[in-house]
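Undergrad: Handing you a structure now.
The values are calculated or read from the model by the stated rules, or taken from the named source; none is laboratory data. Everything numeric in this text was worked out from a predicted model, so none of it was measured. FYI the Cβ positions are ideal-geometry reconstructions off the backbone, even for glycines, and counts take in every protein chain you see. Surface accessibility is based on the protein's heavy atoms, side chains included, excluding ligands, DNA and RNA. Shrake-Rupley method; radii C 1.70, N 1.55, O 1.52, S 1.80 Å.
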Amino acid sequence: VSPAKKVQAKVMLVGAGPGAADLLTLRAYQALQAADIVLYDALVSDEILGLIPHKVRKISVGKRGHKRTISQDFTNALMVKLAKSGHLVVRLKGGDPSVFGRASEERAYLEAQGVAVEVVPGITTASAAAAQFGFSLTSRGIGRKVLFATGHTLAGRAENWVGQACEPDTTLCLYMAHHDMAAIGADLMAGGLGADTPALVMSGVSRTNTQMIQTHLGDLGAACAAIDTNDPIFIVIGAVCAQARPQEFIDELDLLAKFPPVEGRLAC
Ligand SMILES: C[S@@+](CC[C@H](N)C(=O)[O-])C[C@H]1O[C@@H](n2cnc3c(N)ncnc32)[C@H](O)[C@@H]1O
């Protein structure tokens, strides 16, 4: 490692977006090209990993939900060690690092260890889902506020946001919630939200095998239980969900036919 490279140890916390390569920001793409080492999460798609140059070392530090294979402490220590040995480390996370992505925890740890941090935002699942399925997260008169919430916390199911979610003009975006959806749905209905409130269950947003189920709050638990996929699952509840276009309509758009594969375009 050259002395010049040792001057400032640095880690970039980079958002990979929801999965489709052409939803990666140009800044994130450039970070991947400049990196020496990429530590990536389980939610980062193969399509995005395919954009990392072969010479760059890729290390999976993935955790999925409650399955903790690699501890956060290990990942933190690894980032510091690699950055302090002069490598430009990219910590690649699904979606946007600032939305349920532990960006603040990792930033605090790294800075306390004297490592500089740069965050590159990504497209969060909520934005990608709205675009793909034809609804808006806010909509005049029916969706006046948006609540991003997580279905589970370190202590188990999260309930502290339920009170704020029960107003009919709230668009509730639920990350990591499908396992607990029957119980969360019951809490929301007990809080006053109607069983007929429109809801969407979406898996693999922006990915090739994406699925979407249009349902209602009262049937949401059953819809989540029925969905059969290894892809991540995202749930939206609120009046705006009635705007969503059915899956068949989305399929007919055949977006892939309109746009050539991303690798070809980025290589131009
Ligand atoms: C740890 S959170 C990370 C969220 C991410 N930082 C973001 O901004 O989208 C993981 C959850 O995000 C949601 N998620 C992430 N990518 C998704 C995708 N492509 N399709 C559906 N849900 C997704 C799922 O609810 C998943 O359980």
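Undergrad: Fully extended, how many nm does the chain gain between ALA116 and LYS84 (0.36 nm per residue separation, minus their Cα-Cα distance)?
TA: Working: separation 32, 0.36 × 32 = 11.52 nm, distance 1.03 nm.
Net length gain for the segment: 10.5 nm.
Undergrad: Which value, in debye to the nearest 20, gives the size of the charge dipole of segment 121-221 about its Cα centre, when Lys and Arg are +1 and Asp and Glu are -1 at the Cβ?
TA: Working: 5 positive and 7 negative charges, 71 e Å.
Dipole size: approximately 340 debye.
Undergrad: 222 nm [θ] for the chain, helices only, -39500 (n - 2.57) per DSSP H run of 4+, per residue, to 500?
TA: Values: 12 runs with 87 residues, N = 268.
Result for the chain: -8500 deg cm²/dmol, rounded to the nearest 500.
Undergrad: Rounded, prolate or oblate for segment 1-121? Axes are the square roots of the Cα gyration tensor eigenvalues, ordered a ≥ b ≥ c, and the cut-off for rounded is a/c under 1.5. Don't jump to the answer; show the numbers that get you there.
TA: Numbers: a/c = 1.61, a/b = 1.20, b/c = 1.34.
Since a/c reaches 1.5 but b/c is at least a/b, the shape of segment 1-121 is classed as oblate.
Undergrad: Still on this structure, I have one more. In nm, to one decimal, how far is the PHE74 label point from the LYS58 one, both placed 7 Å along Cα→Cβ?
TA: The two pseudo-label positions are separated by 1.9 nm.
Undergrad: Sticking with this one: Farthest toward the dipole's positive end in the chain, which of PHE234, GLY19, VAL162, given Cβ charges of +1 (Lys, Arg) and -1 (Asp, Glu) about the Cα centre?
TA: GLY19
Undergrad: Would you pull out the residues with amide H under 5 Å of HIS152's amide H, same chain only if 5 or more places away, H placed 1.01 Å from N?
TA: For HIS152, the qualifying residues are ALA158.
Undergrad: Additional query: Once you have the Cα-Cα distance between GLN243 and HIS179, take 0.36 nm times their residue separation minus that, and quote the gain in nm to one decimal.
TA: Details: separation 64, 0.36 × 64 = 23.04 nm, distance 2.54 nm.
Result: 20.5 nm gained on full extension.
Undergrad: Quick one: accessible area per residue over segment 91-130, 1.4 Å probe, rounded to a whole number of Å²?
TA: Result: 38 Å² per residue.
Undergrad: Ordering GLU106, GLU118 from largest to smallest accessible area (1.4 angstrom probe), what's the sequence? Working shown, then result.
TA: On the way: GLU106 0, GLU118 60 Å².
Sorted by accessible area, descending: GLU118, GLU106.
Undergrad: Given points 7 Å out from each Cα along the Cα-Cβ axis, report the ALA131 to SER104 separation in nanometres with one decimal.
TA: 2.6
Undergrad: Further question on the same structure: Sort largest first and round to whole Å: the equivalent ellipsoid semi-axes of segment 56-107, each the square root of five times a Cα gyration tensor eigenvalue.
TA: Values: eigenvalues 70, 35, 25 Å².
Here the semi-axes work out to 19, 13, 11 Å.
Undergrad: So if a site counts as exposed when it's one of the trypsin sites (Lys or Arg not before Pro), its DSSP state isn't H, G, I, E or B, and it has at most 12 other Cβ atoms within 10 Å, what's the longest stretch of the chain without one? Mind dumping the intermediate values first?
TA: Working: sites that count: LYS55, ARG68, ARG140.
It works out to 141-268.
Undergrad: How many angstrom separate the Cα center of segment 38-62 from the Cα center of segment 163-205?
TA: 32
Undergrad: Among DSSP beta bridges lying fully in the chain, give the percent that are antiparallel, nearest 5.
TA: Details: 20 of 44 bridges.
So the antiparallel bridges in the chain amount to around 45 percent.
Undergrad: Here's another thing I want to ask about it. Compute the projected area of the convex hull of the Cα atoms of the chain, averaged over all viewing directions, and report it in nm² to one decimal place. All intermediate terms of the calculation are to be shown ahead of the outcome.
TA: Numbers: hull surface 61.3 nm².
In nm², the orientation-averaged hull projection of the chain is 15.3.
Undergrad: Which value, in debye to the nearest 20, gives the size of the charge dipole of segment 74-186 about its Cα centre, when Lys and Arg are +1 and Asp and Glu are -1 at the Cβ?
TA: On the way: 10 positive and 9 negative charges, 46 e Å.
Magnitude of the dipole: close to 220 debye.
Undergrad: Out of all DSSP beta bridges with both ends in segment 26-93, state the antiparallel percent to the nearest 5. Please report the intermediate quantities before stating the final value.
TA: Values: 1 of 9 bridges.
Among the beta bridges of segment 26-93, antiparallel pairing accounts for roughly 10 percent.
Undergrad: Let me ask something else about it. Under a point-charge model restricted to the Cβ atoms of Lys and Arg (+1) and Asp and Glu (-1), what is the dipole moment magnitude of the chain relative to its Cα centre, in debye to the nearest 20?
TA: Working: 25 positive and 25 negative charges, 275 e Å.
Its charge dipole is roughly 1320 debye.
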